[in-house]
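Here's the structure we're looking at; comments come further down.
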Amino acid sequence: MSDSVKSLLSTLSMRGPHRVLRGNLGIAGQPGVVYTPESGLNLPAVAFAHSWLTSAENYKGLLEHVASWGFVVAAPDTERGPIPSHLDLATDLLTTLDIVSKVRLGDGTISVHPDRLALAGHGMGAGAAVLAAAQRPVATVAALFPAPTSPAAENIAPDLDTPALILAGTDLDSINSNVRPLATAWSGPCLLRRLDGATHNGIIEGRRLFAALGAGRYEYKTDKATRALLTGYLLATIQGDKKYKPFVDPEAAIPHTTVIDPHAEVEVEAPKLSIGTVAKLIKG
């Protein structure tokens with residue numbers, strides 16, 4: 001593990017050099033929020049989709065963080081109920097990209113380059129980003145702790161040659177995750193990186209319905225690592241900044257993460273038997 005990678009990770013976990021402005025996508029007819037650097041022309045842009053029973057506000061820190069590194073980051077704030085339409089959320093992502101890439105933002109001093117666009121999301125929002133990528137060419141897709149969607153994102157993935165980053169937690173083989181099927185099916189270059197000690201809902205900020213019951217609690221370390229990994233990946237892909245090449249290199253050793261080969265055979269842990277069960281087996 002080189003000192004330079006450690007240094008880059010530490011730097012990227014902190015806010016970037018740009019002052020961030022916040023705007024309302026609703027002005028353009030799409031409920032949602034947009035974060036931008038204070039100024040800049042031909043900037044890269046990311047459309048981000050939230051997870052189940054969350055909103056764009058639950059990712060405020062993450063979105064602001066990416067924007068502080070020179071990106072326009074916009075998030076639709078729709079499909080927030082218990083029975084969301086993943087296809088409609090994908091459509092809203094595409095509408096969001098259209099808005100930020102075709103309209104001057106801020107006081108007219110901020111614009112987006114039409115060829116420097118990315119789709120991203122968390123949980124079901126990650127799947128929605130995949131569904132959207134099948135309908136519009138983008139520079140890259142970032143799927144953060146993806147969850148199953150309808151239609152299944154892994155059924156769309158074989159048709160995508162777009163580069164992709166998939167982040168997963170230690171619970172990547174749970175019923176709430178379709179990480180392996182998605183990464184296995186992806187046609188283009190795909191980097192699957194697992195965060196040590198992370199769970200799939202750890203990046204959700206603020207109050208959430210199930211957090212009060214002990215499920216899906218916010219994890220500071222997971223959120224901090226995700227911000228750094230996502231920002232580094234976007235800088236390396238959309239911006240083409242060679243300094244951040246380790247974040248797209250599957251051979252790069254990044255602290256507290258592991259690159260997973262989705263095609264490798266999964267080792268099934270043998271069930272643990274209690275002392276009572278063992279005693280019964282011995283007795284016959």
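Residues in the stretch 153-183 that are closer than 13 Å to residue 143 by Cβ and in a helix (DSSP H, G or I): 153, 154, 156, 157, 179, 180, 181, 182, 183. Restricting 182, 131, 160 to residues that are more than 15 Å from the chain's Cα centre (by Cα) and over 29 Å from residue 16 (Cα atoms) narrows the list to 160. The residue of the stretch 96-109 that is nearest to residue 48 (Cα to Cα), among those that are open to solvent by less than 30 Å² (accessible area, probe 1.4 Å) and among the aliphatic types (A, V, I, L, M), is 97.
So for the stretch 64-82 (the condition being within 26 Å of residue 242 (Cβ to Cβ), part of a helix (DSSP H, G or I) and polar (S, T, N, Q)), does at least one residue qualify? No: zero hits.
Within the stretch 16-54, work out how many residues are surrounded by 20 or more Cβ atoms within 10 Å (Cβ to Cβ) and free of Cβ contacts under 8 Å to residues at least 60 places away in the same chain. Residues meeting the conditions: 2. Return the residues of the stretch 162-173 that are open to solvent by 40 Å² or more (accessible area, probe 1.4 Å) and either at pLDDT 95 or above or of a type in the set (Gly, Ala, Ser) (or both); say none if nothing qualifies. Scanning the stretch 162-173 gives a single hit, 163. Any residue at all in the stretch 85-95 that's open to solvent by less than 50 Å² (accessible area, probe 1.4 Å), farther than 21 Å from residue 60 by Cα, more than 20 Å from the chain's Cα centre (by Cα) and of a type outside the set (Phe, Trp, Tyr)? The answer is no; no qualifying residue exists. Considering each of 169, 202 in turn, give the residue that is farther than 20 Å from residue 73 by Cα and touching a His at 6+ places or on another chain (Cβ under 6 Å). Going through 169, 202 in turn, the sole match is 169.
Collect the residues in the stretch 11-59 that are in a helix (DSSP H, G or I), in contact with a Pro (Cβ under 9 Å, 6 or more places away or on another chain) and among the small types (Gly, Ala, Ser), keeping them in residue-number order. Answer for the stretch 11-59, where residues must be in a helix (DSSP H, G or I), in contact with a Pro (Cβ under 9 Å, 6 or more places away or on another chain) and among the small types (Gly, Ala, Ser): just 56. When you check residue 146 against the structure, is it open to solvent by 10 Å² or more (accessible area, probe 1.4 Å) and either in a loop (DSSP other than H, G, I, E, B) or not hydrophobic (A, V, I, L, M, F, W, C) (or both), yes or no? When the stated conditions are applied, residue 146 does not pass them.
The values are calculated or read from the model by the stated rules, or taken from the named source; none is laboratory data. In this text, all values refer to a predicted model and were calculated from it rather than measured experimentally. Cβ atoms come from the backbone with ideal geometry, glycine included; neighbour counts cover every protein chain shown. Protein only, heavy atoms only, side chains kept; ligands, DNA and RNA dropped before computing areas. Shrake-Rupley method; radii C 1.70, N 1.55, O 1.52, S 1.80 Å.
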